[in-house]
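What follows draws every value from the coordinates through simple rules; no lab data is involved. These numbers come from a predicted model, not from an experiment. Every residue, glycine among them, receives a Cβ derived from its backbone with ideal geometry; neighbour counts consider all protein chains shown.
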Amino acid sequence: PTQRLSAMMPVRLQLVVCAAVAAALEDSRGRTLQGGPGPAVPAGPGPGQSPNRPPAKPPPSPPPLPPRDPPHPPPPPYDPGFLLQTTETVSTLECGDGAALVTNPGGRRRLQDPCDNPIIVSYEETETDLLRFCVNCPPACKARNQALLSAYVARHADDENHNDDSEALLSIGLCLEFSPKADQLYAAIYDDGICDDDCNNLDCAHDLDDCDYSDIYAMCVPEQSANRTWVSAPTVVNGTVRECNEPEELSWQCPSYEEESSYTAIFDSATIITPNTGRVQVGLQISLLEPLSLKYQETDASMLVTAKLQYRVQWSDPRLARAPCRRMLSYYMGLTEGAKLAATVKGLQWIPEVTISGATKTVLTASFFFNETMPWIDDSSPLPSQSAESLCQNCAVYMASETTTFSLSESAFGSYQFFPFDAHQLKIQIATQDTAAFYACDKAHVNVASAWAPYTSGLTLSKWQALLLPSTNEWTLMGNPADVGFRDVERMPNACQMSLQLTRNPVVFLIKQILVTIFFVLCGLLALLLAPTELMGDRVTTILFSALIVSTNMQGNIGLGNPQYIIWYDYFNLVQFLILLVVLIESIYVHKLVLWHKTRTAYRLDRTCLLSITLLYVIVLVVLFIMPFSPSGALTVAGILTPLLFTCSFVVFVALRRREVRARQEALADLRTTPMSDVEGFQAALRHGFTAFDYDSNGTLDIDQLRSLLVAVYPSATKQLITKCLVSVKPIFSDNDTISFEGFEGAFESHIAAVLGNPNRVGRSATVRIGGPRTSPVMVQPMSE
């Protein structure tokens, strides 16, 4: 027994236990228990303690840890076990004459007894069996058995019969090797095809293949969730070795000398932390599996952003090597149908999971991996003092694919005031726990399709847009391509942020809405070409129809709901409305001038307004289209061009009046100087006069225009004589009360000259009356009958 004991106890504890074993062997009842009482060792783990820790060091003045170089010598061969002493009561029958009559155990009497008065005599038989600890299990499982047995012996040091209680011995959590006795007592047997609870732990590899994930979950979750230290961030300082400073009642959790060789990498490595903030350094790689989806929410004027992304985070945490649920973390985190169960598992362990503020996410796939050594995911070390080739010690990687949806308010996304030329800033800020820090945000954006390779700086803006924005081309990416990607966030080391400068693509909206509206407004402006006399009804109808189309466009749904402020599109429609209103007012005024027999002024004003309002409309459109990009520039253009327009309109009006006067004077001079005997010359003079008094240039003269012509040619003629002449030519007029040049030419020779005389004989002192009162009247010499 002492040889087997030496394999599982430190030197000091071996001496004490050997003495106890020697004393026990001298007991008359023969009860022995290998691993007798030693120094007081605390009991096994309670509800809030983890059994997956190494066995205890001797509490009184433990020797210092030996130096790392050279390493500790290998421990002696492992052949542990313990003697289990079982006592059974055996009953016999004895006759009065002393002859023994043996019956079966339990005292049941045989059918034929050799004596009439048998005496039942009971006595105890003691059997001693050797139960061995598991042999092929991991070293941590063997050390765990040793620690549990030592604790049991220490707790029952004053009880001489403690080794008789098989139920108590087998209930302390021992994982044993198969033996007929262990199987008979229903002990926990390692790798026997049955998942035994005492072997279902991390140290014993969860009974090798005997326990499935549901068995592991049932055992480890209560154990790990009871100890809330697992959900806190690692607190190991870089460059130091973890020392076991547990209190005496928890000293069994500290590593033993035998276990130190197995846990060297765990206890001698350190968690990387930021030197100044004490945050755990986390490597991040993230990629968008699909372009972003942007959808405007009319209910609250927010932008709903949906991102399907995949990311992985890497950090160093030595505690994970001893986490009770470590072996099933990856399985349960990857459950897509059991999201609630996966969330429960992730809540057992500190994991720097990536989140977006205010986002709701659906995890599609997830995985978790832990290894004592692996390269950093971005091929660089988070510590400046370490080389780029340094490895991540006690490294954990969590990778997840998820669909994340978050909403950006108008204040965060940007105003829609200049719709459809609105520009916005889309910020995607990902963060993790406050106790962590991302050390390389500028390398976080990677291409999953190219083995997680970081995107190079050579990507053009169009390629970035294809990667990040929807294929509908509703939005256009602006700015410098080198600025696209994740960057550090000031005063938030646990966050990375991607900021995208977006502008709406207005081409479709311009074609479907803006250009259609401009077309109908131009139709209203072209109505000014209609004569303000007989076509005034058609003119007003065209203007009102254009205004109706603009009004309909103002009430249409453009996809922004009902914003409580005026946007650019509202200004645009309002300007169209005002332009059409000005055209309508001008038409009404011109028509009134015609009714007041101021035809020449009416037509002159109409021509001037056609040019002025059209130019004004062009200036307004230019100002409107400059406004979204440079409001100050738009005001400058409006301030310069508007006064210039009104000045030019006045100049045009005066120029038209002077040109009309000059044209009439020249025409009247031709009529007076060209003799009627000169047929071709007089015909040209008549055409010149006809054109000069054709105010609307439609190739005909109405009654008013003909009257003005006759009054100008014959200024001394009385009103009655002019009226008589008009009555005489009335039959020549067409149905619409107009006369063409051919009719005018024939009427002049047959009727007008006959009534008013030859225009060549008008006195030289006669004054041509152009709209004003006649002066110096001259008598007309009538032609001979």
(request) Show me 544-552, 170-178 ranked by packing, highest mean number of other Cβ atoms within 10 Å first. (result) 170-178, 544-552
(message) Per q in 0.16 Å⁻¹, report the Debye log10 I(q)/I(0) for segment 683-738, using one uniform scatterer on each alpha carbon and no solvent.
(response) -0.49
(request) Note down the Stokes-Einstein diffusion coefficient of segment 508-641 in µm²/s, whole number, using a Kirkwood radius over alpha carbon pairs, 10 °C, and 1.306 mPa s. (result) 99
(request) Would you please give the residues with an amide H less than 5 Å from that of Cys392, counting only those at least 5 places away or on a separate chain, with H modeled from the backbone geometry? (result) Met374, Trp376
(request) Please give the direction-averaged projected area of the C-alpha convex hull for segment 438-510, in square nanometres with one decimal. (result) 5.9
(request) Could you tell me which of the pairs Lys361/Lys427; Lys308/Lys463; Lys295/Lys361 are separated by over 20 angstrom between their Cα atoms in the structure shown? (result) none
(message) Run through segment 557-640 and list the chymotrypsin sites (Phe, Trp or Tyr not before Pro) located in a DSSP loop whose Cβ has at most 10 other Cβ atoms within 10 Å.
(response) Tyr565, Trp596
(request) Mind ranking 136-146, 732-742, 478-488 by how tightly packed they are, going by the mean number of other C-beta atoms within 10 angstrom, highest first? (result) 136-146, 478-488, 732-742
(request) Can you tell me the order of 413-424, 464-475 when each peptide is scored by its average per-residue count of other Cβ atoms within 10 angstrom, highest first? (result) 413-424, 464-475
(message) Under 21 Å between alpha carbons, and skipping anything fewer than 8 positions from Lys730 in its own chain: which lysines qualify?
(response) Lys719
(request) Taking just the C-alpha trace of segment 398-480, give me its Rg and Dmax in Å. (result) 15.7, 44
(request) Would you kindly give the portion of the calculated P(r) for segment 622-759 that falls above 27 Å, as a percent of all Cα pairs? (result) 38
(request) Once you have a ≥ b ≥ c as the square roots of the Cα gyration tensor eigenvalues for segment 483-586, tell me rounded if a/c is under 1.5, and otherwise prolate or oblate according to whether a/b is larger than b/c. (result) prolate
